[in-house]
1. Taking all pairs of different Cα atoms in the range 214-284, averaging 1/r and flipping that mean, what Kirkwood radius in angstroms comes out?
2. Could you work out how far apart the two model spin labels at Trp72 and Thr315 are, taking each label as a point 7 Å from the Cα in the direction of the beta carbon, and quote it in nm?
3. Angle check, please: helix 2-12 long axis (alpha carbons) against the longest principal axis of the chain (alpha carbons), in degrees 0 to 90, nearest 10.
4. Using the Cα centre as the reference, give the magnitude of the dipole from point charges on the C-beta atoms of the chain (Lys, Arg: +1; Asp, Glu: -1; all else neutral), rounded to the nearest 20 debye.
5. Computed FRET efficiency, Cβ-Cβ of Ile212 and Ser344, R0 25 Å: what is it to the nearest 0.05?
6. Summing -39500 (n - 2.57) over the DSSP H runs of n ≥ 4 in the chain and dividing by its residue number, what mean residue ellipticity at 222 nm do you reach, to the nearest 500 deg cm²/dmol?
7. Hey, with R₀ at 45 Å, roughly what FRET efficiency would Thr126 and Leu52 work out to, going by the Cβ-Cβ distance, to 0.05?
8. How compact and how long is the range 142-256, expressed as Rg and Dmax of its alpha-carbon atoms in Å?
Amino acid sequence: MRRFAALLATALTAVTVPLAPPPALAAGTSPPAVSERLATRVSIAASPATPLVGETVTLTGLLEWQGPDGAWEPLPGKPVWVRFHDLDTWAVRELGTMPTGTDGRFTATATVTASGYYDAIFPPETGYTASSATTHTVWTRSRTAVVESDAGPEPVAAGATVTLRAKVVRYDAAGARVPAARVPAVLQFSPDGLQWQNIPFEKLTGADGRLILSGTATRDGYWRARYDGGPYMGGGGTTVGTDEPSSGWADHVDVRYATRISSFNASPEPVRKGATITVQGRLDRLVGSWKPAAAGAAINIYFKPSGSSAWTTMTGTKTDGSGRFTRTFTASKDGTWLATYKGSATYLGSQGPGDHVDVR
């Protein structure tokens with residue numbers, strides 16, 4: 001905050017502006033003495049004080065001259081230069097020369113591109129002294145967006161990690177997206193997409209505006225990245241503007257209980273051709289801890305002959321009350337046996353280890 005205050009004080013300090021030389025005089029004439037020139041003063045103000053980047057700022061001012069009696073009067077029909085000074089790069093942008101009206105006033109408009117200040121300059125002219133003035137610092141606000149959001153895996157096992165990737169961007173004066181580098185964003189979760197809670201902790205975006213956030217999945221719901229906005233730094237490491245807050249797309253992720261196929265075995269090994277092969281195992285589910293699955297879960301059995309890359313679907317089976325399953329087949333050739341569980345709306349699918357059996 002002290003750095004911000006110091007920067008504001010610096011920006012409000014009057015600056016010395018190089019002025020153009022006075023117009024050339026006609027041949028045979030000489031410039032009036034300094035004492036013959038009338039004093040002038042100029043003022044300039046900007047509105048609104050904190051515009052959005054891309055909006056229009058209106059600049060108004062008044063040029064006056066001081067008469068012999070000390071009174072200040074409007075100075076009509078005179079040119080006033082108007083310029084913009086970028087607070088981050090210190091680049092100067094010419095906005096043009098504005099003529100004063102009969103009341104000595106002038107008006108100019110400009111598209112807001114960055115924080116900075118505007119100045120008005122009345123150049124030295126025959127009969128008048130030069131004068132200049134600056135506005136207060138016009139602090140800009142920038143629209144932001146969280147884009148390219150994606151949370152996964154989908155579905156995810158209960159207790160596993162949900163990873164969300166996103167990108168934070170800032171809109172420039174032309175409406176183009178510019179990466180918002182090194183700004184903090186946080187992961188949020190909502191069971192209904194309405195009430196959101198932050199998942200610790202914040203992370204900073206990279207130079208490309210991207211970041212990766214993660215949290216633990218406990219139930220079905222929505223995940224998104226949130227950028228709260230606030231002051232942001234320019235290339236010189238000082239505050240040069242304020243970002244508006246934004247949130248990313250809410251990505252729904254189903255949470256299901258993990259499963260596994262354990263104690264899988266195809267036997268006997270080896271087996272005589274034409275004899276019976278018994279394939280058996282147990283389906284477990286992770287509900288707090290690993291427990292046997294309930295009866296009736298469908299188990300698919302596959303066989304891949306040696307030397308082949310293709311799996312053949314065999315007759316399936318179902319689990320009993322202890323989560324166990326068994327199926328017998330006739331041995332015909334060497335190969336690998338495999339059992340899988342497709343999963344359900346509550347449980348994730350799983351695949352057991354393959355078991356190779358020689359047929360002799």
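Computed from the coordinates by the stated procedures, all read-outs in this text should not be read as laboratory data. Please read these numbers as outputs of a predicted model, since none were measured by experiment. Every residue, glycine as well, gets a Cβ built from its backbone with ideal geometry; the counts of neighbours run over all protein chains shown.
1. Value: 18.4 Å, from the Cα pair sum.
2. Once both label points are built, they end up 10.3 nm from each other.
3. Value to nearest ten degrees: 40.
4. 2180 debye
5. Here the calculated transfer efficiency is 0.25.
6. Value at 222 nm, helices only: -1000 deg cm²/dmol.
7. 0.55
8. 14.7, 49
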